[in-house]
């Protein structure tokens, strides 16, 4: 334990002995600041954790930055449920993760999807909040490679 940690541990011990409202406020302030004053055991644990995280072998720099896939959501209502499988089969074939969401019981979602879908009928596919369209548009995007560009960057 270094000199600074020793001082912090002693200050924590003194802080724990302060009675009443003043002690409560000081302990609350210590918590708010991220517990700069702590007992020796906690300080040792922090130091060991910091050493483990810095001593780990540095990962090689990726040649290209890795990006997360854009969120893909298929919106539909009960009467279009059978058409959803056609869309999800296209997404599955292209390795695209998606969420199929039934908006039958959500009038606000129905309004938002109709507003943002550029006139496409349900079921529709949204990628990163942008409406791609229905089945025909999804097939065209998949065959041209645009689907993977939109999802994976």
**Fill in**
Taking max minus min of the Cα coordinates of the range 3-55 on each principal axis, largest first, gives extents in Å of 43, 20, 14
**Request:** With everything on Cα atoms, drop me the angle between helix 20-32 and the longest principal axis of the chain, reported from 0 to 90° to the nearest 10.
**Result:** 50
**Asked** Of the beta bridges DSSP finds with both residues in the chain, what % are antiparallel, to the nearest 5?
**Response** 65
**Request:** Have a look at the DSSP beta bridges in the range 72-152 and tell me what percent are antiparallel, nearest 5.
**Result:** 65
**Item:** Cα-based shape type of the range 72-152, given that a ≥ b ≥ c are square roots of the gyration tensor eigenvalues and the cut on a/c is 1.5
**Value:** prolate
**Prompt:** How would you classify the range 75-118 from its alpha-carbon gyration tensor, with a ≥ b ≥ c the square roots of the eigenvalues: rounded for a/c under 1.5, else prolate if a/b is greater than b/c, otherwise oblate?
**Reply:** prolate
**Message:** With equal scatterers on the alpha carbons only and no solvent term, can you work out the Debye log10 of I(q)/I(0) for the chain at 0.10 1/Å?
**Reply:** -0.63
**Item:** residue 148 versus residue 7: modelled label distance in nm, points set 7 Å from Cα along the beta carbon direction
**Value:** 5.9
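Any read-out appearing in this document is the output of simple, stated calculations on the displayed coordinates, not a laboratory observation. Everything numeric here is computed off the predicted structure, so don't read it as measured data. Don't worry about glycine lacking a Cβ; one is built from the backbone with ideal geometry, like all the others, and counts go over all protein chains shown.
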